[in-house]
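The values are calculated or read from the model by the stated rules, or taken from the named source; none is laboratory data. Nothing here was measured: the structure is a model prediction, and the numbers come from that model. Cβ placement follows ideal geometry from the backbone for every residue including glycine, while neighbour counts extend to all protein chains displayed.
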């Protein structure tokens, strides 16, 4: 009987001492962020949606090869000899015409390995994170700006063989 | 007149969507009234074919997948993997990489143990410690986000180096956080660990004796909670852990017999303090250097087999890597600490009350992503 009341007493005492610690937080300011109105400032290295500056892309397909989830699809063809040469902004000659550059952001695992594989630093991860869509197919982003000249011009496809 | 008091055995399914199973785990409880006669864990609800899948991914691409095994301590998961590949390839990293890896791994350990303590309190029935633990974990995740760009699945440890160097000034912020955090641990103790009701719910419940723990191959805080002083960081040091001063806390059995749920919980709280010590020492040892100095252009290990074990927050994490000299792993086997402790669950929970099953399961601190892989 004595143990019973002692247990109750100790239980109450321990709650009171806990409440004393927790009670200090009554006077601290609130930290809630009213999300759609206020936004958290993201650090500059944030890895969110992928973006390709297609004018600098040389179509080498290194990103597609380094991707662990195979979410990047690159299709290229060789430019003809008679065509005027095209250069990326850092002076690299664009020998291949990239006519398909699709990134499926629904498959992307946001590891950032492709951005390090890119030789011209045209593939970057932006800080953009509000891009929810209603249809899964809308997560496929098409970056290619050029059209293929030859129908049989698919010199390289993703995933590469071997 | 003889009366048979053993009632009918009733089967009770706990999970897979039970909040205290920490993931999708089904426990098939055979209950005799309020007493658990047998508890059979059924795993596999989160199976993603990790080990088979990585045979089709190149070595650098495996790191994001290792993150997804134990998502509460992703830094430690990828650390174990990159150390395995580096051991096979014979890569030596410089001092800055070693120190940064230790800082990140120990901060990750603190964050993981905070989840363990917070959710355990939540399971037992106190909600405030959960929020407090997550508040402090948030600061650690901010450090990780600032350094690697991701909050949970970092891909920060690379084979032969690190993804990024830390931002200038982050060392001071980390030390500032540790200075703030160490007294907070005492607050948490006053709030939860020494709480009379919490002790009543956990002490003397789910006793895992040292002999049982060793025979089941239980590692990490669960083994140390049973009073066995074993830590891979001390037994088989990696990354230069032998030069660091830290204690290995073990369960002392202040409340009831050694190896109870309270002991396992308390080992984690004490380990957090030891991790703070290690972070302080590692920050003091930082020297300038290039973090991507030893990253190979092409990761093609020689044919061979290597096993490497590291101490992740949940115990001993081992990777067995078999390479056939190609660009992709031939076989990668993971020895997961949560899986081994799950095998001991059946014996520990036999004879416990139904309400104590929650308490036992929470004290094991399992992550289903790692059990099922």
Does region B:35-46 hold any residues that are touching a helix residue (DSSP H, G or I) at 6+ places or on another chain (Cβ under 6 Å) and part of a loop (DSSP other than H, G, I, E, B), and which are they?
B:43, B:44, B:46
From A:32, A:28, A:69, A:3, which residue is surrounded by fewer than 19 Cβ atoms within 10 Å (Cβ to Cβ), within 30 Å of residue B:61 (Cα to Cα) and within 14 Å of chain B (Cβ to nearest Cβ)?
A:69
Report the residue count in region B:299-320 for those that are assigned to a loop (DSSP other than H, G, I, E, B) and in contact (Cβ under 8 Å) with a residue 24 or more places away in the chain.
6
Among the residues of region B:137-164, which ones are assigned to a helix (DSSP H, G or I) and within 17 Å of the chain's Cα centre (by Cα)?
B:137, B:140, B:141
Residue among A:61, A:80 that is loosely packed, with under 15 Cβ neighbours inside 10 Å, touching a residue at least 60 places away in the same chain (Cβ under 8 Å) and out of contact with any helix residue (DSSP H, G or I) (no Cβ under 9 Å at 6 or more places or on another chain)
A:80
Would it be correct to say that residue B:142 is in contact (Cβ under 8 Å) with a residue 24 or more places away in the chain and within 14 Å of another protein chain (Cβ to nearest Cβ)?
no
Determine if region A:99-107 includes at least one residue that is free of Cβ contacts under 8 Å to residues at least 60 places away in the same chain and within 14 Å of chain B (Cβ to nearest Cβ).
yes
Only one of these conditions is not met by residue B:253: (1) on the phi < 0 side of the Ramachandran plot; (2) more than 14 Å from chain A (Cβ to nearest Cβ); (3) touching a helix residue (DSSP H, G or I) at 6+ places or on another chain (Cβ under 9 Å). Which number is it?
(1)
Sort out which residues of region A:111-125 are within 12 Å of chain B (Cβ to nearest Cβ) and under 14 Å from residue A:66 (Cβ atoms), and write them in order of number.
A:111, A:112, A:113, A:114, A:115, A:116, A:117, A:125
When residues of region B:47-73 are limited to those that are out of contact with any strand residue (DSSP E or B) (no Cβ under 9 Å at 6 or more places or on another chain), away from every other protein chain (no Cβ under 11 Å) and assigned to a loop (DSSP other than H, G, I, E, B), the one surrounded by the most Cβ atoms within 10 Å (Cβ to Cβ):
B:72
Only one of B:301, B:288 is over 16 Å from the mean Cα position of the chain (by Cα), buried (at least 18 other Cβ atoms within 10 Å of the Cβ), modelled with pLDDT of 85 or more and more than 26 Å from residue B:189 (Cα to Cα). Can you tell me which?
B:301
Hey, can you tell me all the residues within region B:312-349 that are within 23 Å of residue B:266 (Cα to Cα) and more than 12 Å from the chain's Cα centre (by Cα)?
B:340, B:342, B:343, B:344, B:345, B:346, B:347, B:348, B:349
Tell me, yes or no, whether region B:337-350 has at least one residue that is in a helix (DSSP H, G or I), over 23 Å from residue B:373 (Cβ atoms) and in contact with a strand residue (DSSP E or B) (Cβ under 8 Å, 6 or more places away or on another chain).
yes
Answer with yes or no whether residue B:332 is surrounded by 21 or more Cβ atoms within 10 Å (Cβ to Cβ), under 17 Å from residue B:70 (Cβ atoms) and in contact with a strand residue (DSSP E or B) (Cβ under 8 Å, 6 or more places away or on another chain).
yes
